[in-house]
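Below: one structure, written as structure tokens.
The values are calculated or read from the model by the stated rules, or taken from the named source; none is laboratory data. If you're wondering where the values come from, they're calculated on a predicted model, not measured in any experiment. Note that each Cβ is placed from the backbone with ideal geometry, even for glycine, and that neighbours are counted across all protein chains shown. Heads up: the accessible areas ignore ligands, DNA and RNA and are worked out on the full protein's heavy atoms, side chains in. Shrake-Rupley method; radii C 1.70, N 1.55, O 1.52, S 1.80 Å.
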Amino acid sequence: MSSKNDIKKEDTENSEVLSPKNPDANFLDQTLRPTTWAEYIGQKNIKENLKILLTAASQRKHPPEHLLFYGPPGLGKTTLAHLIAKETSSQLKSTSGPAIEKVGDLASILTNLSPGDILFIDEIHRLNKAIEEVLYPAMESGNLDIIIGKGPSARTIQLDLPPFTLIAATTRIALLSAPLRSRFSGGVFRLEFYTNDEIEQIINRSAKILKVEIEKEAKEEIAKRSRFTPRTANYFLKRCRDLAQIRGEKLSKAMVMEALNLLGIDDVGLGASDRTLLETIENKFNGGPVGLNTLAAALSEEQATIEDVYEPYLLQLGFIERTSRGRVITDRARKHIGKKLLGLDLEK
Ligand code: ADE
């Protein structure tokens with residue numbers, strides 16, 4: 001197996017391999033991640049369901065059943081997997097759909113599990129069909145069927161796997177086949193956007209961990225621009241903290257506005273790419289409807305990026321609508337970008 005495919009063997013203390021692209025952010029995310037249910041803010045319904053499921057499994061002395069989390073990026077799918085591992089004192093081994101290229105990669109990961117381990121597969125929608133088929137019996141009955149050899153002399157051997165829990169995450173539930181979805185016997189959970197109040201609580205907690213002195217209005221301003229998403233809130237808090245630190249001052253609302261305006265983030269949390277998307281629908285396609293493929297070509301973006309990254313928040317804001325004939329901009333969005341063109345809201 002090539003090193004790219006190597007599974008990250010982790011204890012739950014030290015769970016994420018630093019990415020060369022963003023080593024610092026990963027390290028900080030690590031420290032900001034809640035590790036107990038008590039620290040975990042929001043997603044009330046999922047939390048209640050999971051607590052019951054995990055407690056019951058532990059009383060039966062069985063690993064919890066397989067779980068699938070889906071929803072827009074940054075809402076805490078990976079965080080939940082880590083938290084479950086911590087709360088159940090299990091070892092978490094994590095990998096991702098694109099990292100598992102061959103059936104042999106998955107076989108190697110599965111046969112290296114210890115009893116009670118949690119296997120986390122991120123971006124599970126990117127697993128290919130042949131690999132999915134090896135996963136089915138592994139999830140259902142703990143069997144690994146491997147074909148050895150080729151042609152007439154090929155034979156299948158069946159290995160018993162140790163009891164394990166698969167936790168998978170995806171931003172694209174629609175791309176998962178029905179047979180795969182149905183094997184998540186513990187449940188399929190959709191993560192929702194957080195409320196403004198929950199985001200403020202998360203910023204409060206993160207500010208304490210990062211030892212940032214921050215005014216109440218500054219927290220509110222970061223929350224307002226955080227797209228109802230904890231990852232964004234924590235990222236903005238860190239960038240604002242940088243400015244406060246070099247100025248040697250307490251983090252104020254004015255400083256948050258300065259730091260976030262400088263990053264091109266407007267008063268509702270849209271960045272330059274979001275605004276370009278809206279302006280493209282409005283100006284190049286007369287407000288829509290415009291098909292996803294046409295829009296992607298006009299923006300030089302992947303369709304998946306538009307669907308996974310930009311659209312969930314724009315839909316949440318009511319700035320775009322998805323119709324059978326394509327994407328349409330709303331009056332609310334028109335007002336927002338119009339206001340921008342007049343330069344009215346930068347200081348608000
Ligand atoms: N940081 C990221 N997500 C969080 C959450 N749901 N609760 C507390 N802190 C978080």
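Say whether the condition of being more than 30 Å from SER141 (Cβ to Cβ) and assigned to a helix (DSSP H, G or I) is met by at least one residue in segment 180-190. No, segment 180-190 has no match at all.
Annotation note: Cβ proximity below 6 Å between a residue of segment 188-211 that is without any contact (Cβ under 8 Å) to a residue 40 or more places away in the chain and over 9 Å from PRO230 (Cα atoms) and a residue that is part of a helix (DSSP H, G or I) and more than 9 Å from the ligand (Cβ to nearest atom) (sequence gap 6+ or interchain) occurs for ASN196/ALA223; GLU200/LYS219; GLU200/ALA223.
Test GLU301 against the criterion of being open to solvent by 40 Å² or more (accessible area, probe 1.4 Å) and in the same structural domain as LYS219 (by TED's automatic domain parsing), and give yes or no. No; evaluated as a whole, the condition is false for this residue. If we keep just the residues of segment 229-256 that are hydroxyl-bearing (Ser, Thr, Tyr) and within 15 Å of the ligand (Cβ to nearest atom), which is farthest from ILE41 (Cα to Cα)? Residue satisfying both the conditions and the ranking: TYR235.
Going by the structure shown, is ALA154 touching a helix residue (DSSP H, G or I) at 6+ places or on another chain (Cβ under 7 Å) and of a type in the set (Gly, Ala, Ser)? No.
Checking each residue in segment 237-264 for being open to solvent by 20 Å² or more (accessible area, probe 1.4 Å) and in contact with a Lys or Arg (Cβ under 7 Å, 6 or more places away or on another chain) picks out only LEU263.
Does segment 27-50 include one or more residues that are more than 16 Å from the ligand (Cβ to nearest atom) and either open to solvent by 80 Å² or more (accessible area, probe 1.4 Å) or at pLDDT 95 or above (or both)?
Looking for residues that are more than 16 Å from the ligand (Cβ to nearest atom) and either open to solvent by 80 Å² or more (accessible area, probe 1.4 Å) or at pLDDT 95 or above (or both), one finds none in segment 27-50, hence no.
Within segment 206-240, the set of residues being under 20 Å from the mean Cα position of the chain (by Cα) and closer than 20 Å to LEU80 by Cβ comprises SER206, SER226, ARG227, PHE228, THR229, PRO230, ARG231, THR232, ALA233, ASN234, TYR235. Scanning segment 57-94 for residues that are out of contact with any Leu (no Cβ under 6 Å at 6 or more places or on another chain), closer than 14 Å to THR170 by Cβ and away from the ligand (no atom under 13 Å from the Cβ) yields a total of 4.
Scanning segment 309-321 for residues that are buried (at least 18 other Cβ atoms within 10 Å of the Cβ) and farther than 16 Å from LYS335 by Cβ yields TYR310, GLU311, PRO312, TYR313.
Within segment 198-228, the only residue that satisfies the criterion of being within 12 Å of the ligand (Cβ to nearest atom), open to solvent by 10 Å² or more (accessible area, probe 1.4 Å) and outside any helix (DSSP H, G or I) is PHE228.
Against the test of being touching a strand residue (DSSP E or B) at 6+ places or on another chain (Cβ under 7 Å) and on the phi > 0 side of the Ramachandran plot, the options GLY288, GLY269, GLY318 yield a single qualifying residue, GLY288.
Does GLU311 count as without any contact (Cβ under 8 Å) to a residue 40 or more places away in the chain and not assigned by TED's automatic domain parsing to the domain that holds ASN234?
Yes: the conditions hold for GLU311.
Please give the strands (runs of 3 or more DSSP E) falling wholly within segment 79-171 in which 3 or more residues are crowded, with 20+ Cβ neighbours inside 10 Å and at negative phi. Lay out the reasoning, then the answer.
Numbers: elements: 92-96, 118-122, 143-148, 155-160, 165-170.
Fully inside segment 79-171 and qualifying: 92-96, 118-122, 165-170.
The set of residues from segment 322-339 being open to solvent by 70 Å² or more (accessible area, probe 1.4 Å) and of a type in the set (D, E, K, R) comprises ARG322, ARG325, ASP331, ARG332, ARG334, LYS335.
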